[in-house]
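The values are calculated or read from the model by the stated rules, or taken from the named source; none is laboratory data. Since the structure is predicted, the reported quantities are computational estimates derived from the model, not experimental observations. Heads up, the Cβs are rebuilt from the backbone with ideal geometry, glycines too, and the neighbour counts pull from every protein chain shown.
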Amino acid sequence: MSRGNGTADISSSKEDVEKDLLRILSYQAESAITQGNNKEAVAYIQRCKDMLLRLPKDTAYLSLMCYNFGIDAYNVRKYEDTKNVDKEKAVNAVSLANKECVSTYGLYLKIKILLRCESSDRLNEMLESEVSLELCLSTVKLLISEKREVLAFEYLKSVCQHFETSPDLGTALVLHIELLLQRGKELLGKQKIEDVITGHCTGKQLTTQALTSLHVLLWDKASKYFEAGSYSEALQWYNYSLSLFKGGQMEPNLAKLQRNRASCFLKLKQLEKAKEAIKEAQRCDPDNIFTQFSVYKVAVQENENGQQETAMKALEILCEHSKDQAQVLVALRYKQHFNLTFIKITISHPSHMTVDQRTEEANWFRKIAWNLALQCESSPDKMRDFFVLSYQFSQLCPPDRTLLMGQRTCLLMAAAASLELGRKSSHPTQFTQTLEHIQICSEVWKTLKASGAFSNSLLLLYEFEARAKLNDPIVEAILESVLELESVEPKMLETMAALAMEPPAYFPLLCKKALRVALFLHKKQPQADLAHCSKCVHSLIKLSLPSGVSEVEAHVLEEVWNYYEEALSIIAAPDDFPEMETLWLLTQAWNTGILLYSLAQYPEAEKWCGLAMSFVRHLGSLQESYETQVEDWWREGRG
């Protein structure tokens, strides 16, 4: 008995020594590989391989080491060494290991090595060894990742046949469907889906996990078609999903599926089918806010006011009483489609969400308010309110350059809408509100200006109009601010001149100043726009001409005379000048001369009548008739 134990101890001790020696040799091989001595490493590995007959349990360890050596050599592009270490040694080592003691990992490792060596004639070894379905499917995915698609589908087919009676077969079938759809083989995918549905409904039921995976695939495909506007195709994929539910089944996912189907039917103008789908959604999940909104959408298309009011009331109650902040925001999202009041609730509604959640929701509402504002072109008051709301929602988001530019645009558009309302109203409130928007916009503009050049010319123009309508003397300072801009458009100055005299505003001096600068800028152009120059001069003369005896003063006449000289220089240009404009200038100068004559200021009267006669030669076709008339008037006046 004692002798027997001694023999066992010696045998055990010898095995331990050999294990230690194997480890030492493998470390030496690893060291040789690191130093680039691949031949020396192969020699050490060969000695290790010879020891495996006595240490079969260490085969997996050695095979993995050989495989890693091969990969390292491949990565540094030493292909010959890769072949020697990887193919010859690793395959032989793992084969020996599997022969002595088959293991799932050993078989998978062998397949991986063979694929790296572009050899795959021993895949069926896995099936023959009765490995798990999970490992077989991992092998399929490995084949796909190695771009061996044909082999992957062939092997997957064999796997499905081999595990035909397994309750987990559905997992393989779903993977098959997924791979077909990923590769655009939609027709084959649909055939496979229909086969799976038939099997599921006739006894070959899918496991819960496989069923969930298939639903996810089908819904994903349907949603992509819906987003692309292919509603019939989307409906077909949703119907596949519906076929997998049992009759009378009630769960939230089924309600969601029916709502999605209803959306497809609505897009396809199939109201009756949409109503049926919504009824099923109500049966499964009647209190869901999405279901209520779907009821509303159907009612809108059918003009059923009763149903609309029911859905609206349900959403309203939810907004007022729910403690679920996320759910309230979703409800408000829907209610904003119905009533401007409820989008305002969103801003004031207390929120306990995270910063990211609040930002996401605020961004959604900001964009919705913006889009709604753009749709209200015919209703300035609603447009203004929506732009203001969009600005207010943007204040709940982290500020950046893009957001600030959006805020600036919102406030400018709100100011423009208020101005439009003010033009149609006799009440000054709208103009005061415009100034409030402009004041906030100015602060945003200052922030933007610090990070780049941004013109505030439009902002100044809106402020000028609002203050002019309020007869606010600050308009003079605004004009000065415009004139200090680096680049001023003559058109803007002409607009300001018109606004300065548009009732109830009355700022003639300001108007003339803006027109004089506009005229100067027009003449400064490389090619002067004579038509615009003429309009500026016309307006300046009209504003400056004395309208009665009390306004006839020397400095006034001198100012008008200068404008007439500008007019003559414009008319003398080679471009055609409108005859009626020339006639207007002639008539106004003549009338001024007559007015002075009536005041016994004969030298001045003669001067102005002579000025009028100087325009005759520019009348073109009218010259002959008016030349005779003017000479007759002149003789009569002097006689």
Taking segment 532-554 and the residues there that are modelled with pLDDT under 90 and exposed (fewer than 15 other Cβ atoms within 10 Å of the Cβ), the one that is nearest to Leu622 (Cα to Cα) would be Ser547
When segment 564-582 is examined, which residues are found to be surrounded by fewer than 17 Cβ atoms within 10 Å (Cβ to Cβ), in a helix (DSSP H, G or I) and at pLDDT below 90? Leu568, Ser569, Glu579, Met580
Among (1) modelled with pLDDT of 90 or more; (2) out of contact with any Ser or Thr (no Cβ under 9 Å at 6 or more places or on another chain); (3) at negative phi, Gly229 falls short only on (3)
With the condition being under 40 Å from the mean Cα position of the chain (by Cα), I'd like the helices (runs of 4 or more DSSP H) fully within segment 468-542 carrying at least 1 qualifying residues. 475-483, 490-500
Just name the residue that is surrounded by the fewest Cβ atoms within 10 Å (Cβ to Cβ) out of those in segment 153-171 that are in a helix (DSSP H, G or I) and either hydroxyl-bearing (Ser, Thr, Tyr) or touching a Leu at 6+ places or on another chain (Cβ under 6 Å) (or both). Ser158
Does segment 44-53 contain any residue that is under 60 Å from the mean Cα position of the chain (by Cα) and either assigned to a helix (DSSP H, G or I) or modelled with pLDDT of 80 or more (or both)? yes
Sort out which residues of segment 216-230 are under 15 Å from Ile177 (Cα atoms), surrounded by fewer than 18 Cβ atoms within 10 Å (Cβ to Cβ) and not charged (D, E, K, R), and write them in order of number. Val216
Any residue that is at pLDDT below 80, outside any helix (DSSP H, G or I), more than 28 Å from Ala450 (Cβ to Cβ) and over 16 Å from the mean Cα position of the chain (by Cα) - is there at least one of those in segment 353-368? yes
Residue hits (segment 257-271; at pLDDT 90 or above and either farther than 21 Å from Val295 by Cβ or not aliphatic (A, V, I, L, M) (or both)) are Gln258, Asn260, Arg261, Cys264, Phe265, Gln270
Residues that are under 20 Å from Lys607 (Cα atoms), surrounded by 13 or more Cβ atoms within 10 Å (Cβ to Cβ) and hydroxyl-bearing (Ser, Thr, Tyr): does segment 480-501 have at least one? no
Scan segment 191-243 residue by residue and report those that are part of a helix (DSSP H, G or I) and among the small types (Gly, Ala, Ser). Gly199, Ala210, Ser213, Ala222, Ser223, Ser232, Ala234, Ser241, Ser243
Restricting to segment 139-185, count the residues that are closer than 21 Å to Thr208 by Cβ and out of contact with any Cys (no Cβ under 6 Å at 6 or more places or on another chain). 16
When residues of segment 609-629 are filtered for being within 19 Å of Ile541 (Cα to Cα) and touching a Leu at 6+ places or on another chain (Cβ under 6 Å), how many remain? 2
